[in-house]
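The values are calculated or read from the model by the stated rules, or taken from the named source; none is laboratory data. Every value quoted in this text rests on a predicted model; they were computed, and no experiment measured them. Counting neighbours? That spans all protein chains shown, and the Cβs are built from the backbone with ideal geometry, glycine included.
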Amino acid sequence: MGSWWRGTRLVAGRGITENVRSKTFKVVTAVLLLISTAAVVVPQLLGQDATSYTLATIGRVPPAELTAAVDDAARAAEVDVDYLARDDASAVRRAVEDGEADAGLAGDVLYTPQRGGSAFPVLVSQSVVALEASQRLAEAGLSPEQVAGLQAIGPPEQVVVGGVEDAGRADTGYLVGIVLYLAVVFAGSAIATAVAMEKSTHISEVLLAVLRPVQVMVGTVLAVGTVTLGQLLILTTPLAVAVQFTDAIGLPATAGGDIALAVVWFLLGFLLYAFLFAAAGALVNKMNEVSATITPITLILLAGYLFGIFVTTSDSEGLPSVAASLFPFTAPLVMPIRWAGGQVPVYQLALAMLLTATTAALLAAVAATVYRRALLITGRRAKLREVVGPPATA
């Protein structure tokens, strides 16, 4: 066992060194680090300035009661209000028409811009109504304490209902899904390309002179997997830390656990498909045949991701969604999306992981046989029936 592992580690170490020294690795890693850092820093920079609105009024100084009412409502809405003085109602209206003010108040008339999308006029309108109501209640004989008590009555508690517990966390699930899909596809393509290059350049023949075929295959898979996992950690670690310990990017703290869980799903998904990509790479005779050979595997991955996006979005608890999140070939892409919705039982998560890990082990054994037989076929592209099933007898 020790000598077997030493040979495998030799192949893996060689592959890691070549990948790390390549220009592509350095560029991709730098881009991932930049994306991860920007995702944390940019929202902070953009969020430093509070939203500000301008209210045009008649007179240099609006009435103190009105100013206090609008300012209180603005603080509750976490916005700032500036005041623009105009001489008369027509000047207030022109200020709104010209875009100098977001709303204009002249007596009992509230001018609002034709362009929509701002809730500021509603805020001003509610402030005026609340102020007028307070004045009439006071005129009716209520004490200031009674008026304050009536104004303190809050609206009913709002409960948002829908298919997920937290929309922000669900959005994280969709992001995790596409990152996992891209990571597994890129890593698998790199494995198939590496195997095909070693076969076409006869490097595999040199390695097979001293090592077993399964050692070469496992070593190549470990090399690419280690490099890809490192890049994935560079991308996800700052995001997970920012979500878990700060409010830098506006996601719930539970999303940090979802991002960490995504790394586990990458490992399971990678092991599930990596050996299939390695076996596919061994089938080719020329480098330009790699793309066509790995297309069926890539299509399975794409179908799993699209199924996770469209079906899980419409009904995350329906039978198709549950089945896809448990089926090993789609679980690594569908289960993270369902899990981020916050309604998946823990036993389903554990069962999906167990089924995926078991299937990955079985596929590794099958792929090792295909890989070993395919490497012996040179000068032409190996056919699938030649490498699958019992060995041919003379």
So which residues in segment 53-73 are under 37 Å from the mean Cα position of the chain (by Cα) and modelled with pLDDT under 80? Ala73
Residue count, segment 356-385 (criterion: assigned to a helix (DSSP H, G or I), crowded, with 16+ Cβ neighbours inside 10 Å and either outside the structural domain of Ile294 (by TED's automatic domain parsing) or in contact (Cβ under 8 Å) with a residue 24 or more places away in the chain (or both)): 12
Does segment 169-189 include one or more residues that are aliphatic (A, V, I, L, M), in the same structural domain as Gly257 (by TED's automatic domain parsing) and more than 22 Å from Gly304 (Cβ to Cβ)? no
Enumeration of residues in segment 68-104 that are farther than 15 Å from Ser127 by Cβ, among the small types (Gly, Ala, Ser) and part of a strand (DSSP E or B): Ala85
In this structure, does Gly308 turn out to be at pLDDT below 75, surrounded by 20 or more Cβ atoms within 10 Å (Cβ to Cβ), over 25 Å from Lys26 (Cβ atoms) and touching a Leu at 6+ places or on another chain (Cβ under 9 Å)? yes
Select, from Val264, Val284, the only residue that is farther than 30 Å from Val387 by Cα and in contact with a helix residue (DSSP H, G or I) (Cβ under 8 Å, 6 or more places away or on another chain). Val264
Cβ contacts < 7 Å: first residue closer than 16 Å to Val334 by Cβ, restricted to segment 180-194; second residue at pLDDT 85 or above and surrounded by fewer than 21 Cβ atoms within 10 Å (Cβ to Cβ), any location; separation 6+ or different chain. Result? Val185/Thr298
Heads up, the helices (runs of 4 or more DSSP H) in segment 252-326 (entirely inside) with at least 1 residues that are over 16 Å from the mean Cα position of the chain (by Cα) and under 20 Å from Val216 (Cβ atoms) are 254-283, 290-314
If Gly342 satisfies all but one of (1) part of a helix (DSSP H, G or I); (2) modelled with pLDDT under 80; (3) under 20 Å from the mean Cα position of the chain (by Cα), what's the number of the condition it fails? (1)
Please go through segment 105-127 and give me each residue that is in a helix (DSSP H, G or I) and buried (at least 16 other Cβ atoms within 10 Å of the Cβ), ordered by number. Phe120, Pro121, Leu123, Val124, Ser127
Which pairs have Cβ atoms under 6 Å, sit 6 or more apart or on different chains, and link a residue in segment 209-224 that is more than 12 Å from Arg6 (Cα to Cα) to one that is at pLDDT below 80 and assigned to a loop (DSSP other than H, G, I, E, B)? none
Being at pLDDT 70 or above and either hydroxyl-bearing (Ser, Thr, Tyr) or outside any helix (DSSP H, G or I) (or both), is that true of even one residue in segment 143-164? yes
Scanning segment 284-300 residue by residue, the ones that are in contact with a Ser or Thr (Cβ under 9 Å, 6 or more places away or on another chain), of a type in the set (A, V, I, L, M, F, W, C) and modelled with pLDDT of 85 or more total 3
Any idea which of Pro332, Pro320, Pro345 is surrounded by fewer than 12 Cβ atoms within 10 Å (Cβ to Cβ) and of a type outside the set (Ser, Thr, Tyr)? Pro345
